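Have a look at the structure below, then the notes.
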Amino acid sequence: MENIIVNKQLIVQEPTDCSSHSLLYSFNMKILTDHLRRQAETNKTASYFNVDILKYQIKTQPGVSSTPLKLVTYWKCEPGTTDFRLDYTYNGSAMNKPCPLSNVSVLVPVNGDVTNMIAEPNGIWSNENKKTLWKLNELSDTCTRGCIRAKYDLNNGPSSPQTVAVQFACEGSTLSGVDFDLSGMGYRLSLVKKRFSTGKYLAETDLEVRYV
């Protein structure tokens, strides 16, 4: 874990044993109660309220084993055409609990003045942004891998291999394995939601990998 940002108005970090693998925070109950009361007065029909308490980022370990979606890109750049291929593989073992990846999108920039594109599956080419967007189906243990292929006709080639950007989200799991426990008389957790989503998730081309 890195870049831990806490809501300093509501919680404060308490000292723990240096050998402990946990962090301890205590609530300012008066401020929390006042905050929830104001929300209840504003929206009287709500059954619960969301309160930002703590946010964090994680830095994945080196290698593809820690990534929930493995990516390999291939480019074949010639004066008149560019062939692109992306192989992707779902990796549930990178998560605390294997859960589906949803809202998966792939964004591929292509230079060289594209005049035509043939793609499988179909993608959306933006002549303004010089990029192709693919939106993929949900990936899980029952749908673990796939392939994107595209052929571009160029007016001013050859193009050059570009960095591919991918986005997705996952409900019900985390990459960090972080859990949350509430201790205190008179309070209990009624709902815990776990979710992670991509920040910068990029695939760069290994020039030694040939397009086939």
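Identify all residues within segment 175-196 that are out of contact with any Gly (no Cβ under 9 Å at 6 or more places or on another chain) and not in a loop (DSSP other than H, G, I, E, B); write none if there are none. Step through it out loud before you land on a result.
Applying the first criterion (out of contact with any Gly (no Cβ under 9 Å at 6 or more places or on another chain)) to segment 175-196 yields 175-192, 196.
F196 - this is the single residue of segment 175-196 that is out of contact with any Gly (no Cβ under 9 Å at 6 or more places or on another chain) and not in a loop (DSSP other than H, G, I, E, B).
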How do the strands (runs of 3 or more DSSP E) wholly within segment 6-76 filter down when requiring 3 or more residues that are open to solvent by less than 70 Å² (accessible area, probe 1.4 Å): which remain? 24-27
Mind listing whichever residues of segment 187-212 are modelled with pLDDT of 80 or more, open to solvent by 50 Å² or more (accessible area, probe 1.4 Å), closer than 20 Å to L71 by Cα and not charged (D, E, K, R)? S197, G199, L202
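Does T89 meet the test of being farther than 30 Å from S183 by Cβ, touching a residue at least 40 places away in the same chain (Cβ under 8 Å), out of contact with any Leu (no Cβ under 6 Å at 6 or more places or on another chain) and open to solvent by less than 40 Å² (accessible area, probe 1.4 Å)? Walk me through it before giving the result.
Values: farther than 30 Å from S183 by Cβ: yes; touching a residue at least 40 places away in the same chain (Cβ under 8 Å): yes; out of contact with any Leu (no Cβ under 6 Å at 6 or more places or on another chain): yes; open to solvent by less than 40 Å² (accessible area, probe 1.4 Å): yes.
Criteria met by T89.
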Name, by its number, the condition in (1) part of a loop (DSSP other than H, G, I, E, B); (2) out of contact with any Phe, Trp or Tyr (no Cβ under 8 Å at 6 or more places or on another chain); (3) open to solvent by less than 70 Å² (accessible area, probe 1.4 Å); (4) over 22 Å from E2 (Cα atoms) that does not hold for S159. (2)
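Would a scan of segment 131-143 turn up a residue that is in a loop (DSSP other than H, G, I, E, B) and of a type in the set (D, E, K, R)? Lay out the reasoning, then the answer.
Within segment 131-143, the subset in a loop (DSSP other than H, G, I, E, B) is 137-138, 141-142.
Add one more test, that the residue is of a type in the set (D, E, K, R), and what stays is 138, 141.
Checking segment 131-143: at least one residue is in a loop (DSSP other than H, G, I, E, B) and of a type in the set (D, E, K, R).
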Flagged in segment 117-131 as more than 17 Å from L71 (Cα to Cα) and open to solvent by less than 70 Å² (accessible area, probe 1.4 Å), in numbering order, are M117, A119, G123, W125, S126
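May I ask you to list the residues in segment 133-189 that are among the basic types (K, R) and touching a residue at least 24 places away in the same chain (Cβ under 8 Å)?
Narrowing segment 133-189 to residues among the basic types (K, R): 135, 145, 149, 151, 188.
The answer is K135, R145, R149, K151.
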Give the residues of segment 170-186 that are surrounded by 11 or more Cβ atoms within 10 Å (Cβ to Cβ) and over 25 Å from the mean Cα position of the chain (by Cα), sorted by residue number. none
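The values are calculated or read from the model by the stated rules, or taken from the named source; none is laboratory data. Small disclaimer: the values here were computed from a predicted structure and weren't measured. We place every Cβ from the backbone using ideal geometry, glycine too, and count neighbours over all the protein chains shown. Side chains included, ligands, DNA and RNA excluded: accessible areas come from the protein's heavy atoms. Shrake-Rupley method; radii C 1.70, N 1.55, O 1.52, S 1.80 Å.
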